Each structure stands twice: as structure tokens, then as C-alpha cells.
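To start, the structure itself, in C-alpha cells.
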Amino acid sequence: MRFETMELHAGLEPDAVTGARAVPIYQSTAFVFDDTAQAEARFALREGGPIYTRLGNPTVDVFEKRMAALEDGKGAVACASGMAAITYALLNILKAGDEIVSSPTIYGGTHSLLANTFPDMGITAHFTRDNSPEAFEELITENTKCLFAESIGNPNADLIDLEAVAEVAHRHGIPFIVDNTFGTPYLVQPIHHGADIVVHSATKYIGGHGTTMGGVIVDGGTFDWTNGKFPSFTEPDESYHGLKYAKDGGEAPFVFRVRAQALRNMGACMSALDAFLLIQGVETLSLRVERHVENTRRIIEYLQGRPEIAWIKYPELEGSPYAELAKKYYPRGCGGIFSIGFRDGQEAALKWMDNLKLISNVSNVADAKTLATHPATTTHQQLSEEARRAAGVPGECVRLSVGLENVLDLMDDMDQAFDALREESA
Ligand SMILES: *Cc1c(COP(=O)(O)O)cnc(C)c1O
């Protein structure tokens, strides 16, 4: 099946009992076993099938299969949020004494997990000086267990050379984990470019309507966990009657272990209702992302003509340091999130935002509705102005997440906010 067809059909057969064409919401905690032998077989993982919703649920299963298909992975596991998915993916390979090398321009919650939570667990995170493959390689030590980056960074849409960084990871015998939340599998499939594991905040473009929290981990099934660096995949797990994940985990041993360990023992599972809502989003992902990109390109063109705007960061723009990577990895566009800088600084940026009427001031992205955020006073508030400049979010910066409205209405709204700015300063 091709991408658009998989968005609608992957992982879903009409309901065997009722014939329901849409995915039923299996709002049930537990599932009845035919007999004690079946119960024993399911617990021993000899037989598939639902046991208890924390470990798996038929509605969630459809969402997982669909996401695995769209990312061209071999299996997936859904979690309660993007942060739960990222945490579980990383804790699936990192333990006390281990290290991770990450790009610095990642989502604030992920940055804080790596910089603040992991040290308490004995895990050390190193942040690269930039997105170049050399910057990743120079921080790798014998204790490094994975490389981490986002396909499209936040809030400036920085890109990364996925194939080159994957090559560095594999040369050192470690996996490359990519957060593809801003990219979406419609614009880029990191597994095709060498990534081993893909994670998502499904809260964003996957759901697409700003209604539902969710996360997912997709296993490319390509990484060799038996290379000696990952004993938890090759040695028997006594808490699961001697299971060896690399051998017994089928085509997707990474997510098999997430389910058997992190999800079973830490429990941030996805609910059936949320899986249902996210599946509704997935069905129109390609249509929506196409329009997000089209609207974004038109809004950028409009903003390029405004004297109040000093700079625009979007990889497709001439002069962007990522223009070449955009051509190579994102022929369909670089998504709907980008940043702009106001010539008159933070004060002008804040005034403009306060005068927007249709566009909402919200610390979220990838909604069907257009959103604006002022990172310096919200998401990056705790940093010094110097650190904010280094992170690419100075006071004059506004992040825009372009939605699906008629683009002329968005321009009208921006126009009247620019007018108000001029009147206030006159
Ligand atoms: C929102 C976001 C997350 C966190 O996801 P939640 O669903 O809010 O927990 C992680 N990574 C990126 C890139 C995000 O945009």
C-alpha cells in the first residue's frame, strides 16, 4: 500500500463481530481468556492477544500498527504522551553509568529530561555544539549508548543530516534515535535515512487538532542489539522467565522490550479513546500536512514583504544554512513551524502578539488552528538572554505554527496587528 492508503487502512480489518468499518473504541481494562491454558500462553507471550490495557489494547494496537507502517518500521508501542514515549525509548537502553549525545536544539521537555532528570539516575547527557556529524562524533565515549536528535528542530526549524549522523552512530555500534514530531512521516521517514528508532509526540501533527495527548515509539528493526554493547537485549531477563529480547523479540525487539519492561513496570500507556482520536487524525495526515506547508510558504512570502520583520528562519529560504538539507530530505516542504524576528525587538514582538485576534497565543504547535508563541518569555523563560541567543530564541523571536485556515484571513489578522503596532508607536 502507498502512504495515503496506509493512513486509512494499515492495521485495521473490519470488526470481526459487528463489521464496524471504523475502529471500535475498546474501552475495557481487561479481556476474557477462553480458558486457563490461553491465559497461561498469553502471559508467557507464546500467544498474542490482549490481556490488560496497560500492556496492550485492540484500539491502541491499530494506532501502533498504522504508525509503524507510516514510518516504515517493524513495530510500534504507544504511550500516554510524547514525553512518556521519549523517556521510555531512552530508558530502554540507558542505565546508570551510560551516556547519550544529543542535539541541543530539541524540545524543552526533552532537554530538561536529559539535563535535569537523567543525572539523578546516573545517566549523563552531552549536547553537541551544532547539528554537524562531527559535533556528535567528538562527544562519543565508550559509555555512549545512543545519539538523539529531532528531524526538524524547535523553534527555528533547524535540520540535521540524518544519513551522516546515522553513519557516525553505526560506526560506533550505537543506535540513532530521531524525534520526528515536526517532520511527520509524510515529509520525512528517518528510518529510510538510517535512523533506528523514531519517536513522536502524537499530540502534534499526528492527532492534528489540538485535542489529544499521545506518543509513539517506532522500531526500524534494523539495529543489531547483539554487538556486545547492549547486554539487556542479549542476557536472559529473569523478570520475564529468561526471555532474551534480541532473540525472542521478533522483528521489533526494541519496542517488544519497551512493552515488557517500561510499559509494564512504569505504566504510561495510551487509552483506547485517545488512540481512536489519534487514528482520526492519522487518516488525514498527508492532506493536512500538504496544506500546512502550502499555507506556511504563503505566510512566509507575506512576511518577507513586511518592514517590521528582520529575519525569518525556515530551511527552504535562500541563505538558510539548511537549504541543501531541505532539498535532499524534504522535497515536500519543511513543515508548518518556523520563527520570525522583529526589527524593534522584544517589545514589538509582544505587542504584535497581543494584537492578534484570530491567531492564538498558545504554547503548542501543529494544531489545525494557527498559533503564535513568544519563546523568550514562556518556554525559554528560565534561560539568561545570552543562553536564549545561543538557543536561537532571542527576545525579538516569535514562533509561528501555521494552521489550516484560509491563508488570506491569517494575513488580515497579521496586517491589523502590524497596524496596531504602528499606531501604538506613533
Ligand atoms: C510536544 C513535543 C514533545 C512532547 O510531547 P508531549 O506529547 O507534549 O508529551 C516532544 N518532542 C517534540 C518535538 C514536541 O513538539
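The values are calculated or read from the model by the stated rules, or taken from the named source; none is laboratory data. The shown structure was predicted, so the numbers you read here are calculated from the model rather than taken from an experiment. Every residue, glycine as well, gets a Cβ built from its backbone with ideal geometry; the counts of neighbours run over all protein chains shown. What goes into the accessible areas is simple: the full protein's heavy atoms, side chains included, and nothing from ligands, DNA or RNA. Shrake-Rupley method; radii C 1.70, N 1.55, O 1.52, S 1.80 Å.
The residues of segment 64-109 expose, per residue, 25 Å² of accessible area to a 1.4 Å probe. For the chain, the longest principal axis of the alpha carbon atoms and the long axis of helix 58-70 meet at an angle near 60°. Note on segment 48-206: percent of Cα-Cα distances in each 5 Å bin, starting at 0 and stopping at the bin with the largest distance, equals 2, 9, 19, 22, 20, 15, 8, 3, 1, 0. Assuming charge only on the beta carbon of Lys and Arg (+1) and of Asp and Glu (-1), the dipole of segment 147-198 about its Cα centre is about 80 debye to the nearest 20.
Tell me which of Q189, V62, N406 sits at the most positive position along the dipole axis of the chain, charges placed on C-beta atoms (Lys, Arg +1; Asp, Glu -1). In the chain, that residue is V62. Relative contact order of segment 125-215: 23 percent, from C-alpha pairs under 8 Å at least 6 residues apart in sequence. Reducing segment 47-83 and segment 253-318 to their Cα centroids gives an inter-centroid distance of 18 Å.
Under the combined filter of DSSP loop state and at most 10 neighbouring Cβ atoms within 10 Å, segment 275-378 retains these trypsin sites (Lys or Arg not before Pro): K357.
For segment 123-255, the square roots of the Cα gyration tensor eigenvalues, ordered a ≥ b ≥ c, give a/c of at least 1.5 with a/b no greater than b/c, which places it in the oblate category. Per atom type, the chain shows carbon and sulfur on 52% of its accessible surface, probed at 1.4 Å.
On the basis of the beta-carbon distance and an R0 of 30 Å, T29 and D248 show a calculated FRET efficiency of 0.65. Annotation: the antiparallel percentage among DSSP beta bridges lying fully within the chain is about 60. For the chain, the share of alpha carbon pairs falling in successive 10 Å distance bins from zero is 5, 22, 30, 24, 13, 5, 1, 0, 0 percent. Counting only Cβ charges, +1 for Lys and Arg and -1 for Asp and Glu, the dipole size of the chain around its Cα centre is about 460 debye. Probing with 1.4 Å while keeping every protein chain in the model, the per residue accessible area of segment 200-259 equals 40 Å². Per residue, the average separation of C-alpha pairs within less than 8 Å and at least 6 apart gives the chain a relative contact order of 16 percent. Remark: segment 287-426 carries 48 Å² of accessible area per residue (probe radius 1.4 Å; ligands, DNA and RNA excluded).
The heavy atoms of D158 present about 20 square angstrom of accessible area, all protein chains included, probe 1.4 Å. For the pair segment 361-405 / segment 112-134, the C-alpha centres are spaced 22 Å from each other. The residues packed around V77, meaning those with a beta-carbon under 9 Å from its beta-carbon, carry a net charge of -1 if Lys and Arg are +1 and Asp and Glu are -1. Find which of C334, I25, T379 sits farthest along the positive direction of the dipole of the chain, computed with +1 on the beta-carbon of Lys and Arg, -1 on that of Asp and Glu, about the Cα centre. Towards the positive end, the residue furthest out is I25.
Evaluated with a Cβ-only charge set (Lys, Arg +1; Asp, Glu -1), segment 224-315 carries a dipole of roughly 260 debye about its Cα centre, given to the nearest 20.
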